[in-house]
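Student: Take a look at the following structure, please.
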Amino acid sequence: MKTKRLGNSDLYITPVGFGAWAIGGAGWEFGWGDQDDKDSIAAIHRALELGVNWIDTAAVYGMGHSEEVVASALSSWSGTRPYVFTKCGLLADEQGYVHRNLRANSIRRECENSLRRLKVDRIDLYQIHWPSEDLEEGWGEMARLQKEGKVRWIGVSNFDASQLRRAERIAPVTCLQPPYSLVRREVEPDILPYCHSHGIGVIVYSPMQSGLLTGAMTRERVEKLPDSDWRSRDPEFREPKLSKNLALVERLRKIGQKYGVPPGQVAVACVLRNPAVTAAIVGARSSQQVEQNVGAADLHLSDEDVAEIEGINEQKLANAA
């Protein structure tokens with residue numbers, strides 16, 4: 001896979017990376033249900049075999065379990081070591097409910113715990129997971145951790161343009177990690193152009209809308225999602241949005257058939273077309289899912305393809321009628 005420089009860093013990353021949210025398993029507020037660690041490790045190894053050179057995780061995923069699984073996968077991996085990115089600022093209580101904390105002492109404690117769980121001396125990219133009222137205090141501590149060599153580069157997730165400006169007054173932001181998919185496009189008007197013009201790298205998450213755009217998520221499967229899977233409570237997986245999203249999947253499927261690829265690859269390729277986007281996080285719970293979606297890095301869609309996906313051609317026909 002070709003690589004692209006991430007913001008102001010010396011990291012050159014592949015267009016897709018391995019997303020380790022789901023492999024954190026169940027037992028917390030935003031878990032994906034039960035997950036077999038052996039399947040997770042096999043998925044990570046398959047991604048690396050296919051050329052992916054970075055893994056994105058977070059301390060809160062499975063309340064530390066995702067980081068531990070990543071460490072296990074890398075300990076049994078004999079190839080080139082991938083970059084490991086993780087996040088801080090979200091803490092889960094004993095019941096698994098999540099709250100934000102960007103106080104300096106909390107971030108430092110989280111960093112030490114992540115270093116221990118990941119079994120590394122330094123984190124390649126450390127990111128604030130969500131903003132809070134303690135943004136300046138938290139970002140200042142991130143900059144100190146970078147100066148101390150505990151982390152190589154620092155970034156943020158889920159920030160808007162005004163919050164990016166506040167952070168940049170303290171220390172440069174290497175990258176932003178926002179949600180971005182054909183379903184969620186709020187970042188297009190302001191946030192992506194801001195990053196593009198200020199040299200901030202962009203790693204998007206949920207480009208397949210948490211599995212909804214893979215083509216494997218049917219109405220029947222949605223109805224059977226267990227309570228331990230946070231998607232059972234996500235409005236995008238419920239009416240009235242579900243029908244609209246499943247109709248989008250069918251348009252993705254049509255374009256995918258043209259190129260001989262599944263709908264999920266087309267969904268990821270769509271967000272990678274945006275010039276502000278450096279790369280996309282593609283989550284997987286099995287090696288089969290990795291194989292289905294990693295090819296998005298090499299899928300190049302035409303403007304006509306995108307118009308078809310967005311339903312523009314259908315709309316023109318409807319207006320003409």
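The values are calculated or read from the model by the stated rules, or taken from the named source; none is laboratory data. Only a predicted model underlies this, so the values are computations on that prediction, with no experimental measurement involved. Counting neighbours? That spans all protein chains shown, and the Cβs are built from the backbone with ideal geometry, glycine included. Just the protein is used for accessible areas: all its heavy atoms, side chains included, with ligands, DNA and RNA removed. Shrake-Rupley method; radii C 1.70, N 1.55, O 1.52, S 1.80 Å.
Student: I need the GluC sites (Glu not before Pro) found in segment 18-112, filtered to DSSP loop residues with at most 11 other beta carbons within 10 Å of theirs.
Tutor: Answer by residue number: Glu94.
Student: Using DSSP to call loops (not H, G, I, E or B), can you name the chymotrypsin sites (Phe, Trp or Tyr not before Pro) in segment 188-255 whose Cβ has at most 13 other Cβ atoms within 10 angstrom?
Tutor: Sites meeting the loop and neighbour criteria: none at all.
Student: Students often forget the sequence filter, so: which lysines lie under 28 Å Cα-Cα from Lys241 once same-chain residues fewer than 8 apart are removed?
Tutor: Lys224, Lys254, Lys258, Lys316
Student: Right, here's the next one. When all alpha-carbon pairs of segment 169-321 are counted, what percent fall beyond 28 Å?
Tutor: 23
Student: Still on this structure, please answer the following. Could you rank Ser75, Ser206, Ser243, Ser9 by how accessible they are, 1.4 Å probe, largest area first?
Tutor: Result, largest first: Ser75, Ser243, Ser206, Ser9.
Student: Which aspartates and glutamates have a Cα less than 13 Å from the Cα of Lys119, not counting those fewer than 8 places away in the same chain?
Tutor: Hits, sequence-local ones excluded: Glu67, Glu68.
Student: Work out the P(r) tail for the chain: percent of alpha carbon pairs separated by more than 23 Å, whole number.
Tutor: 57
Student: Averaged per residue, what accessible area in Å² does the chain show with a 1.4 Å probe, protein chains only?
Tutor: Value for the chain: 45 Å² per residue.
Student: What does the charge count around Glu186 come to, taking other residues whose C-beta lies under 15 Å from its C-beta (Lys +1, Arg +1, Asp -1, Glu -1)?
Tutor: Net charge around Glu186: -1.
Student: Here is a follow-up. As an exercise, identify the GluC sites (Glu not before Pro) in segment 144-213 lying in DSSP coil whose Cβ has no more than 12 other Cβ atoms within 10 Å.
Tutor: Here the sparse-neighbourhood loop sites are Glu148, Glu186.
Student: Please identify, among Ser66, Ser106, Ser76, the residue showing maximal mean-square fluctuation in a Gaussian network model of the chain using a 10 angstrom Cα cutoff.
Tutor: Evaluated over the chain, the most mobile residue of the options is Ser76.
Student: Same structure, new question: Between Lys2 and Gln95, take the C-beta separation as r, use R0 = 51 Å, and let me know the FRET efficiency to the nearest 0.05.
Tutor: Plugging the Cβ-Cβ distance into 1/(1 + (r/R0)^6) gives 0.70.
Student: In addition: Ignoring ligands, DNA and RNA, what percent of the 1.4 Å accessible area of the chain is carbon and sulfur?
Tutor: 48
Student: Over the alpha carbons of segment 1-140, what is the largest minus smallest coordinate on each principal axis, giving the biggest first in Å?
Tutor: Cα extents, longest axis first: 40, 38, 24 Å.
Student: Add +1 for every Lys or Arg and -1 for every Asp or Glu among the other residues with Cβ under 11 Å from the Cβ of Gly211, and state the total.
Tutor: Result for the local shell: 0.
Student: Could you give the length gained on full extension between Leu246 and Lys38, defined as 0.36 nm per residue of separation minus the Cα-Cα distance, in nm?
Tutor: 71.8 nm
Student: What share of the DSSP beta bridges in the chain is antiparallel, in percent to the nearest 5?
Tutor: That works out to approximately 20 percent antiparallel.
Student: Calculate how steeply helix 241-259 sits against the longest principal axis of the alpha-carbon atoms of the chain, using the helix alpha-carbon long axis, and give the answer as 0 to 90 degrees to the nearest 10.
Tutor: Around 80 degrees separate the two axes.
Student: To one decimal place, what Kirkwood hydrodynamic radius in Å is obtained for segment 103-238 from all pairs of distinct Cα atoms?
Tutor: For segment 103-238, the Kirkwood estimate is 16.7 Å.
Student: Turning to a different aspect of this structure: Might you report the magnitude of the Cβ-based charge dipole of the chain about its Cα centre, with Lys and Arg at +1 and Asp and Glu at -1, to the nearest 20 debye?
Tutor: Dipole size: approximately 520 debye.
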